[in-house]
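Colleague: The following block contains the structure, expressed as structure tokens.
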Amino acid sequence: MKVDLHTHSTRSDGSLDPAALVMLAQQRRIDMLSITDHDTIAAYRDIDVHHLSGIRIIPGIELSTTWRGIGIHILGLNIDLDNRELQRGVDQQLAAREQRAVEIARRLQKKLDIDDPLPAVRAIAGHGNIGRPHFARHLVNNDVTKSMDVAFQKYLGSGKIGDVRESWADLASVTRWITAANGTAVLAHPLKYKLTRTRLLELLDDFTGAGGSGMEVVNGQQNEEQTLKLAKICNARGLLASCGSDFHNTESGWSAMGSYSKLPDSCTPVWSCW
Ligand code: AMP
Ligand code: MN
Ligand code: MN
Ligand code: MN
């Protein structure tokens, strides 16, 4: 069975609209797909999840939070999209994201001595909520940096001027919204935070203490050693294992939809409880 439980559409920072994303998944013969946009479930207004042929759609979201000052992402999978507590949480995150965009724009304008980037960044984001990649695109469009990567390295990445983190709800809150909506809370891409093993285990303690019950054992392209390391932690903690491409667009080969290593047989797949 082909499963991809981590993808992005134009409703956040992906390049395909939700219908096109689902069509691509059908072409790739994916059996189970979740669209997990950053801090929004708007994609699910655009598709009819119950009437698609050959594919099961699992309603999902990727929520931003901070833990000990580090930006952390939590996936909410198999959520009830109509749950009021989740909806209120999402509204709060969207307001925080909007406020953060204003602050990022202010900082970049001052630092780079450029015109207010916000109107152009809004246009780039289109129907989606604004994220740092839209700012990165703007800096490339205006020849401030030669690539999105450089824009992140110099201005938007961790610890840089455009990295405004105070805005998100805390770990316990985002996890509670997911469980309130009968969803499974899953720690996204545990290796991306570059934590020591001890710190990662502490994060998992706090996360499971708040009701989190899964972690991504496979996220995009990673090597077997990384997968086995995560599988071991996942099993030792009795957590459910998730897998996904973290697909954003068809250009970047590192996160092609549906193509990533298989979950190790030792893991309990997160979908086994749905
Ligand atoms: P945000 O949700 O606004 O905090 O933006 C985070 C998103 O930026 C991530 O989900 C990635 O899609 C993207 N991102 C993070 N680091 C980089 C990078 N170095 N180059 C390109 N995109 C990145
Ligand atoms: Mn993203
Ligand atoms: Mn993420
Ligand atoms: Mn993601």
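Colleague: L75: at pLDDT 95 or above and assigned to a strand (DSSP E or B), yes or no?
Modeller: In short, yes.
Colleague: Can you pull out the residues in segment 38-55 that are at pLDDT 95 or above and surrounded by fewer than 16 Cβ atoms within 10 Å (Cβ to Cβ)?
Modeller: Within segment 38-55, just R45 meets the criteria.
Colleague: Provide a single number: the residues in segment 244-274 that are in contact (Cβ under 8 Å) with a residue 40 or more places away in the chain, open to solvent by 20 Å² or more (accessible area, probe 1.4 Å) and in a helix (DSSP H, G or I).
Modeller: Count: 2.
Colleague: Under the condition of being free of Cβ contacts under 8 Å to residues at least 12 places away in the same chain and among the hydrophobic types (A, V, I, L, M, F, W, C), which residue from segment 1-36 is nearest to ligand 2 (Cβ to nearest atom)?
Modeller: By that ranking, first place goes to A20.
Colleague: From the list G71, G60, which residue is within 16 Å of ligand 2 (Cβ to nearest atom) and surrounded by fewer than 17 Cβ atoms within 10 Å (Cβ to Cβ)?
Modeller: G71
Colleague: For segment 47-54, check the following and say yes or no: at least one residue is out of contact with any Pro (no Cβ under 8 Å at 6 or more places or on another chain) and within 19 Å of G126 (Cβ to Cβ).
Modeller: no
Colleague: Also, quick follow-up: Does L230 qualify as being open to solvent by less than 50 Å² (accessible area, probe 1.4 Å), over 17 Å from E62 (Cβ atoms), touching a Pro at 6+ places or on another chain (Cβ under 8 Å) and not in a helix (DSSP H, G or I)?
Modeller: no
Colleague: What are the residues in segment 16-37 that are surrounded by fewer than 21 Cβ atoms within 10 Å (Cβ to Cβ) and either within 16 Å of ligand 3 (Cβ to nearest atom) or under 23 Å from M1 (Cα atoms) (or both), if any?
Modeller: Those that are surrounded by fewer than 21 Cβ atoms within 10 Å (Cβ to Cβ) and either within 16 Å of ligand 3 (Cβ to nearest atom) or under 23 Å from M1 (Cα atoms) (or both): A19, A20, M23, L24, Q26, Q27, R28, R29, D31, M32.
Colleague: Okay, moving on. Hey, can you tell me all the residues within segment 149-186 that are part of a helix (DSSP H, G or I), within 12 Å of ligand 1 (Cβ to nearest atom) and open to solvent by less than 10 Å² (accessible area, probe 1.4 Å)?
Modeller: Within segment 149-186, A151, L156 qualify.
Colleague: It is to be established whether one or more residues within segment 111-121 are more than 16 Å from ligand 2 (Cβ to nearest atom), within 20 Å of the chain's Cα centre (by Cα) and open to solvent by 60 Å² or more (accessible area, probe 1.4 Å).
Modeller: No, that holds for no residue.
Colleague: Another question, if that's okay. On the basis of being surrounded by 22 or more Cβ atoms within 10 Å (Cβ to Cβ) and either within 27 Å of L24 (Cα to Cα) or out of contact with any strand residue (DSSP E or B) (no Cβ under 7 Å at 6 or more places or on another chain) (or both), does A241 make the cut?
Modeller: yes
Colleague: Quick one: how many residues across segment 1-15 are among the basic types (K, R) and surrounded by fewer than 24 Cβ atoms within 10 Å (Cβ to Cβ)?
Modeller: Counting residues in segment 1-15 that are among the basic types (K, R) and surrounded by fewer than 24 Cβ atoms within 10 Å (Cβ to Cβ) gives 1.
Colleague: Return the pairs, sorted by first residue and then second, in which the second residue is in a helix (DSSP H, G or I) and open to solvent by less than 20 Å² (accessible area, probe 1.4 Å), the first residue lies in segment 128-141 and is farther than 24 Å from D91 by Cα and away from ligand 2 (no atom under 12 Å from the Cβ), the beta carbons are less than 6 Å apart, and the residues are 6+ apart or on different chains.
Modeller: H138/V121; L139/A151
Colleague: Only residues that are more than 17 Å from L63 (Cα to Cα) and not in a helix (DSSP H, G or I): list them for segment 187-223, please.
Modeller: Matches in segment 187-223: K194, L195, T196, V217, V218, G220, Q221, Q222, N223.
The values are calculated or read from the model by the stated rules, or taken from the named source; none is laboratory data. No experiment lies behind these values; they were computed from the predicted model shown. Every residue, glycine among them, receives a Cβ derived from its backbone with ideal geometry; neighbour counts consider all protein chains shown. These accessible areas exclude ligands, DNA and RNA; they are computed on the full protein's heavy atoms, side chains included. Shrake-Rupley method; radii C 1.70, N 1.55, O 1.52, S 1.80 Å.
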